[in-house]
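Notes for the one structure printed next.
The values are calculated or read from the model by the stated rules, or taken from the named source; none is laboratory data. Every value quoted in this text rests on a predicted model; they were computed, and no experiment measured them. Here the Cβ is made from the backbone with ideal geometry for all residues, glycine too, and neighbour counts use every protein chain on show.
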Amino acid sequence: MSILQSKKQVLIICLFILCPLPKSSSFNYNNYQTTFGYWNDNIIYQNFLKNILKVGSDDFVTTCLWSQVAYMHAKRWWIFDLYYNVLTNKSANYRFDLITSRISVEKDMPGALYQIGTGFVFRGNYGGELIQNGYHQLGGYSIIDLPYPEHTAIGWLFLIKAEPYLINNNLQILKLSFCNAYRTAAGPSNFQAGINTSYQFDINNSPISLHAQGRLGYIWYYYLDNLVDPLFDKGLGYTLMITGTYRNRYGISIWRTENQYGQHNPHYGLSFSLKPKGRRLLRISDIMVP
């Protein structure tokens with residue numbers, strides 16, 4: 001990537017981030033919410049549940065840590081996401097970590113939900129080996145000793161998503177989903193298409209509500225270099241997610257994805273949300289590949 005191209009990309013991102021932001025005098029801290037999540041291809045302790053639930057191979061995309069801050073302004077959600085992925089390739093004897101930082105704007109309209117975003121992707125050695133082997137030591141698993149490639153990479157990310165509604169009411173949502181995440185370098189670009197459904201369960205006279213979501217779709221990874229290509233593929237996959245909220249202030253979500261990264265492995269996830277007056281429920285698209 002040339003210096004001129006890098007300057008142009010930085011300028012575009014700065015304009016995208018800074019121009020539409022609300023003035024500081026109008027910022028309302030009651031309209032924000034934060035979420036912290038984690039998923040792993042064998043997060044379920046397999047010594048106890050391996051005969052009940054399918055576990056992954058602890059390879060390819062092994063772990064992801066995720067944080068999100070969302071702020072409602074002018075009937076739009078401004079969303080900042082930070083994803084940290086640990087990737088390994090045991091057969092080819094290497095590993096690397098991916099960090100994706102992204103800012104996006106989400107607008108929910110009568111006919112569809114739209115989201116557009118941009119950010120950076122970093123590939124290199126960012127402590128993934130320490131995190132993975134620390135987890136292995138706690139769980140009594142073997143240590144995975146894989147070297148990092150010598151060079152690092154930095155790329156630009158552009159995201160666009162459209163989800164047309166087929167059914168949209170207070171209890172049930174059925175919608176199509178189309179999303180493209182393009183990276184100039186460092187990580188995998190991908191196109192996703194599918195159908196999403198969700199249903200809200202309200203408990204009478206209770207501050208607790210439950211929300212079930214499901215997704216069936218196809219994912220296709222493209223523009224992969226020689227390090228990324230062996231770790232991602234394409235194909236059909238599904239996601240099941242359950243979210244529980246308390247007084248619309250606190251939320252806990254658990255989920256399972258199948259073939260999320262195209263390698264036919266399951267991933268299990270858990271997230272916690274704090275939302276003083278935020279009303280943006282965790283979406284399946286939040287925990288798909290950014």
* Looking for whichever is modelled with pLDDT of 95 or more and acidic (Asp, Glu) here; the options are Glu129, Glu106. Which one fits? => Glu106
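Can you say whether His73 is farther than 30 Å from Ile167 by Cβ, over 20 Å from the mean Cα position of the chain (by Cα) and either of a type outside the set (D, E, K, R) or surrounded by fewer than 16 Cβ atoms within 10 Å (Cβ to Cβ) (or both), as far as the supplied structure shows?
no
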* Structure fact -> A careful count of residues in segment 220-249 that are of a type in the set (Ser, Thr, Tyr) and either surrounded by 16 or more Cβ atoms within 10 Å (Cβ to Cβ) or more than 29 Å from Arg95 (Cα to Cα) (or both) gives 5
* How many residues, within segment 194-213, are loosely packed, with under 15 Cβ neighbours inside 10 Å and in contact (Cβ under 8 Å) with a residue 60 or more places away in the chain? -> 0
* So is Ala92 touching a Pro at 6+ places or on another chain (Cβ under 9 Å) and touching a residue at least 24 places away in the same chain (Cβ under 8 Å) or not? -> yes
* Of the residues that make up segment 158-181, is at least one among the hydroxyl-bearing types (Ser, Thr, Tyr), free of Cβ contacts under 8 Å to residues at least 40 places away in the same chain, on the phi < 0 side of the Ramachandran plot and out of contact with any helix residue (DSSP H, G or I) (no Cβ under 6 Å at 6 or more places or on another chain)? -> no
* Test Phe191 against the stated conditions and say whether it is surrounded by fewer than 19 Cβ atoms within 10 Å (Cβ to Cβ) and touching a residue at least 24 places away in the same chain (Cβ under 8 Å). => yes
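Each row is one residue, and each column tells you yes or no for (1) among the polar types (S, T, N, Q); (2) modelled with pLDDT of 65 or more; (3) surrounded by 14 or more Cβ atoms within 10 Å (Cβ to Cβ); (4) under 30 Å from Pro147 (Cα atoms).
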| residue | (1), (2), (3), (4) |
| --- | --- |
| Leu11 | no, no, no, no |
| Ile17 | no, no, yes, no |
| Asp58 | no, yes, yes, yes |
| Val69 | no, yes, yes, no |
| Trp77 | no, yes, yes, no |
| Val86 | no, yes, yes, yes |
| Gly117 | no, yes, yes, no |
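What about Ile284, is it touching a Phe, Trp or Tyr at 6+ places or on another chain (Cβ under 7 Å) and within 16 Å of Gln200 (Cα to Cα)? Talk me through it step by step, then tell me what you get.
Working: touching a Phe, Trp or Tyr at 6+ places or on another chain (Cβ under 7 Å): no; within 16 Å of Gln200 (Cα to Cα): yes.
Judged against the criteria, Ile284 is not a match.
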* Structure fact -> Expected single match for closer than 16 Å to Ala181 by Cβ, surrounded by 14 or more Cβ atoms within 10 Å (Cβ to Cβ), touching an Asp or Glu at 6+ places or on another chain (Cβ under 6 Å) and not basic (Lys, Arg) among Gly217, Gly262 is Gly262
* Asked: Are any of the residues in segment 121-136 in contact with a strand residue (DSSP E or B) (Cβ under 6 Å, 6 or more places away or on another chain), under 16 Å from Asp41 (Cβ atoms), in contact (Cβ under 8 Å) with a residue 12 or more places away in the chain and among the polar types (S, T, N, Q)?
  -> yes
